[in-house]
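The structure appears right after this line, and notes come after that.
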Amino acid sequence: MARRSRSDRTARPIAHVSLVDRVTSELRASILTGEIQPGSSVSIVELCELYDVSHIPVREALRRLESEGVVSLRPGRSALVAALSTEDLADIYRLRRLIEGDLAAKAARQMTDELVTEAEQALDEYVAIEREPAALAAAHHAFHATLLSGVMGTADKNVLELLWHSADRYLHLLMEDLDHAPETKEHRIDEHRELLELARARKSAAFKKAWIAHLDGSERSLMAALGNRAVADSA
């Protein structure tokens, strides 16, 4: 097979890519924290002025966020931030159950002591965090991703990252509407500890069942919070 000479290769715009990454990160954070509200329209021109960049990295950042289901590009020079909806939330967790449930069954059979220890450390960090969405999400992801890491392929990881980002948006925006009773928090922690112990014991069927039950509980909590938000908004 013929190879292209170095002179024929297209240069990679490293600086431009890093700029797109930064704009994407800043814009995602603004949407996750509610600084840019669900259902609102964002102007590309205004974003260029806000981040002091050209329209190229802004458009690319919006395309990335569109692939995550966070925004929808509109004809012209604007994008619409996705609204929160029960249908979208149900779809996110339906897909998570399918993918993560299958991976969990495989992961338990191939679990290593090193992964269990790493997941335990992530859980300790998660338990210590008090109602800070970004930190909670990071520790929560580290716990779950570690337990699945031994069997996650590239495609699995890419799809789950999209689903986890989508679920995070609901967690961030509905944090104040979630049930924060001490017994509720302790129950969530106990669910994670159960997963850890089942992983340590390599109990595949029980691990998968507990994993799916944990996702079911997370979905119910977010659905209830979304309902509370709707009631408050209509009052």
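The values are calculated or read from the model by the stated rules, or taken from the named source; none is laboratory data. In this text the structure is predicted, and so the values were computed from the model without any measurement. Counting neighbours? That spans all protein chains shown, and the Cβs are built from the backbone with ideal geometry, glycine included. Side chains are part of the model used for accessible areas, which takes the heavy atoms of the whole protein and leaves out ligands, DNA and RNA. Shrake-Rupley method; radii C 1.70, N 1.55, O 1.52, S 1.80 Å.
One table, with the values for the structure above:
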{"item": "Gyration tensor verdict on segment 101-208 (Cα atoms; rounded if a/c is under 1.5, prolate if a/b is larger than b/c, oblate otherwise)", "result": "oblate"}
{"item": "MRE, 222 nm, helices only [DSSP H, n ≥ 4, -39500 (n - 2.57), over the chain, to nearest 500]", "result": "-24000 deg cm²/dmol"}
{"item": "Sum of side-chain charges, Leu50 neighbourhood, beta-carbon under 13 Å (Lys, Arg +1; Asp, Glu -1)", "result": "-4"}
{"item": "Solvent exposure, largest accessible area first (probe 1.4 Å, DNA, RNA and ligands not counted), of Lys157, Lys106, Lys209", "result": "Lys209, Lys157, Lys106"}
{"item": "Carbon and sulfur %, accessible surface of the chain computed with the full protein complex present, 1.4 Å", "result": "53"}
{"item": "Gaussian network model of the chain, Cα within-10 Å springs - most flexible of Ser204, Ser67, Ser218", "result": "Ser67"}
{"item": "Accessible area (Å², 1.4 Å probe, nearest 10) - Thr154", "result": "110"}
{"item": "Correct choice for volume of the Cα convex hull per residue in Å³ that was computed from the model, options (1) 143; (2) 398; (3) 179", "result": "(3)"}
{"item": "Helical segments meeting 20 Å axial Cα length and Kyte-Doolittle -0.5 threshold in the chain (DSSP H)", "result": "14-32, 86-109, 113-128, 133-148, 154-174, 204-234"}
{"item": "Candidate aspartates and glutamates - alpha carbon under 19 Å from Lys157, same-chain residues fewer than 8 apart omitted", "result": "Asp21, Glu66, Glu68, Asp91, Glu100, Asp102, Glu118, Asp168"}
{"item": "FRET efficiency for Glu49 and Ser85, using Cβ-Cβ distance with R0 set to 30 Å, rounded to 0.05", "result": "0.45"}
{"item": "Accessible-area ranking of Arg96, Arg28, Arg63, largest first, probe 1.4 Å", "result": "Arg63, Arg28, Arg96"}
{"item": "Candidates Asp190, Asp124, Asp52, ranked by Gaussian network fluctuation over the chain, Cα under 10 Å, top entry", "result": "Asp52"}
{"item": "List Arg77, Arg200, Arg229, ordered by accessible area with a 1.4 Å probe, largest first", "result": "Arg77, Arg200, Arg229"}
{"item": "Most mobile of Glu161, Glu46, Glu66 in a GNM of the chain (Cα contacts under 10 Å)", "result": "Glu46"}
